[in-house]
Amino acid sequence: MGAPGVGKTALTRQFMTSEYKGTYTESNTPDLLEPERNVSVLLDGLESTLHFIAEEQHPDFEIEDIPIDAFVIVFAVSDPASYNQAILAVRRLREEVRTNKAVILVGNKTDLARQRRVARHDAARLAKKYHCRYAETSAALNHHVDELLVGILSQIREQISPS
Ligand code: GDP
């Protein structure tokens with residue numbers, strides 16, 4: 001989820017090149033026009049396939065209708081409007097949909113340090129308030145993107161079988 005232009009496509013593309021990528025081959029050459037992407041991740045000796053769905057490609061979908069394991073809400077740290085949209089999305093998930101699923105808030109474009117308009121501590125505070133994880137990434141530099149991918153899977157595994 002997230003405003004247009006924040007880097008959702010760029011992040012998903014970087015996931016495809018992750019060092020954690022497993023052996024799954026069916027979608028190893030993703031069709032770039034295909035809004036739904038699969039990536040297999042090998043973590044702790046266990047392989048899982050993550051299937052990413054872009055909300056904007058499914059404008060009519062009702063969140064309750066799809067068996068979603070985690071929500072990833074992306075904004076650009078250089079774009080306050082995208083952050084405001086992310087705030088609305090977090091609130092919608094927690095207060096309207098009332099999902100207990102993992103929600104991960106992502107501040108992307110950290111490479112644009114001089115254009116940063118959203119402080120890390122503000123976004124981290126928002127995430128904490130709504131029981132979300134917060135991560136900062138640069139899809140352009142492939143910075144902290146692997147950590148995000150592994151973090152998403154860890155959150156899903158944690159909620160399936162809490163330790
Ligand atoms: P989407 O609409 O959310 O899928 O956004 P895209 O992935 O298409 O990215 C929109 C634009 O932002 C493209 O020109 C990307 O190259 C650029 N972009 C994406 N991620 C980053 C990033 O981390 N840093 C910078 N500087 N540009 C980025």
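Derivation of every value follows stated rules applied to the coordinates shown; laboratory data play no part. Owing to the predicted nature of the structure, the values given are computational and were not obtained by experimental measurement. Heads up, the Cβs are rebuilt from the backbone with ideal geometry, glycines too, and the neighbour counts pull from every protein chain shown.
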Any residue on another chain or 5+ positions along whose placed amide H is under 5 Å from the amide H of Leu50 is listed here as Val39, Ser40, Val41
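Would you tally the net charge around Thr137, using a Cβ to Cβ cut-off of less than 13 Å, leaving Thr137 out, and scoring K and R as +1, D and E as -1? Don't skip to the answer; put the middle values down first.
Numbers: positive: Lys8, Arg13, Lys109, Arg120, Arg133; negative: Asp111, Glu136, Asp146, Glu147.
Computed value for this residue: +1.
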Whole-Hz couplings from phi, Karplus 6.51/-1.76/1.60, listed for the range 85-102; x for Gly and Pro: 5, 5, 4, 4, 5, 4, 4, 4, 5, 7, 9, 9, 6, 6, 6, 9, 5, 4
Once amide H atoms are placed 1.01 Å from N in the peptide plane, what residues at a sequence separation of 5 or more from Gly2, or on another chain, have their amide H within under 5 Å of its amide H? Val74
If R0 = 22 Å, then Leu112 and Ala54, at their Cβ-Cβ distance, give a FRET efficiency to the nearest 0.05 of 0.50
Only helices counted: for the chain, with every DSSP H run of 4 or more residues adding -39500 (n - 2.57) and the sum spread over all residues, [θ] at 222 nm is -8500 deg cm²/dmol
Calculate one ³J(HN,Hα) per residue across the range 110-120 by plugging θ = phi - 60° into the Karplus curve 6.51 cos²θ - 1.76 cosθ + 1.60, and present them in order as whole Hz with x for glycine and proline. 5, 5, 7, 4, 6, 9, 4, 10, 10, 6, 4
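Report the antiparallel proportion of the DSSP beta bridges in the range 54-163 as a percent, rounded to a multiple of 5. The partial results should precede the final answer.
Working: 1 of 12 bridges.
Counting only bridges with both partners in the range 54-163, antiparallel ones make up about 10 percent.
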Quick query: amide H of His143 versus all other amide H atoms, modeled in the peptide plane; which residues come in under 5 Å with a sequence gap of 5 or more or a different chain? Ser138
Whole-Hz ³J(HN,Hα) from phi, Karplus 6.51 cos²θ - 1.76 cosθ + 1.60, for the range 145-162, glycine and proline x: 6, 4, 4, 5, 4, 5, x, 4, 5, 4, 4, 5, 4, 4, 7, 6, 9, x
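If packing is taken as the average count of other Cβ atoms within 10 Å, what order do 105-118, 125-138 fall into, highest mean first? Provide the component values of the computation, followed by the final result.
Values: 105-118: 19.1, 125-138: 17.6.
Sorting 105-118, 125-138 by mean packing, highest first, produces 105-118, 125-138.
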Could you put Phe52, Phe75, Phe15 in order, starting from the residue whose Cβ has the fewest other Cβ atoms within 10 Å? Phe52, Phe15, Phe75
